[in-house]
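Heads up, the thing below is written out as structure tokens.
Every number here is computed from the coordinates shown, using simple stated rules; none is lab data. This one's a predicted model, so the numbers in the text were calculated from it and none came from an experiment. Cβ atoms come from the backbone with ideal geometry, glycine included; neighbour counts cover every protein chain shown.
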Amino acid sequence: MHRDFKLEILDNNKVVFSKKGCNQMNISHFLFRASQGLPETSDNPDAEIKHNYVLQATFDLHLWPEAKTANEETDNISWVLKFFTSETIALIKDTDKEDREKALKVSWETAEPGRAEKASKSRQRYLIL
């Protein structure tokens, strides 16, 4: 199956690499800079700060509109990453979206105590019907 996608590498939320591909892509000689010893932030805009890389792949939804939601076609998507390096590298799951959703729910509960319990009961009534 032919699937066009775009891969972006972001460093501290800025795109530092972008490439389009079909079904697979090779990225040769991309330098992931080390963060060891670098500060988290700096007042100097030219200063190098800790690197926070995110690899982000997106499908062209004009060419594959079914990818907007989970379905039989999208359930079997898999990604294979191969790194060749002489340095130590750590890969972690990006939980920013989930963290923001949890913070939003906490703020709702703080503003309206008991909201989560009412929502849970309402959901249970809906599922029973």
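Miscellaneous remarks
- The numbered conditions (1) free of Cβ contacts under 8 Å to residues at least 24 places away in the same chain; (2) out of contact with any strand residue (DSSP E or B) (no Cβ under 8 Å at 6 or more places or on another chain) are all true for Lys20 except (2).
- Among the criteria (1) surrounded by 12 or more Cβ atoms within 10 Å (Cβ to Cβ); (2) closer than 23 Å to Lys93 by Cα; (3) not acidic (Asp, Glu), the one Asn23 does not fulfil is (1).
- Listed by first and then second residue, the pairs linking a residue in the stretch 79-93 that is more than 23 Å from Phe5 (Cβ to Cβ) to a residue that is surrounded by 10 or more Cβ atoms within 10 Å (Cβ to Cβ) and not acidic (Asp, Glu), with Cβ atoms under 7 Å apart and 6 or more places separating them unless they lie on different chains, are Glu87/Ala34.
- In summary, Gln56 fulfils each of the numbered conditions (1) outside any loop (DSSP other than H, G, I, E, B); (2) exposed (fewer than 10 other Cβ atoms within 10 Å of the Cβ) with the single exception of condition (2).
- If the condition is being over 18 Å from Leu10 (Cα atoms) and of a type in the set (Lys, Arg), then the stretch 50-81 contributes only Lys68.
- When each of Leu7, Leu31 is tested for being under 22 Å from Ile92 (Cα atoms) and part of a loop (DSSP other than H, G, I, E, B), the lone residue that passes is Leu31.
- One residue from Trp108, Trp79 being aromatic (Phe, Trp, Tyr) and assigned to a helix (DSSP H, G or I): Trp108
- Verdict on Ala47 being small (Gly, Ala, Ser), closer than 30 Å to Ile27 by Cβ and touching a Phe, Trp or Tyr at 6+ places or on another chain (Cβ under 8 Å): no
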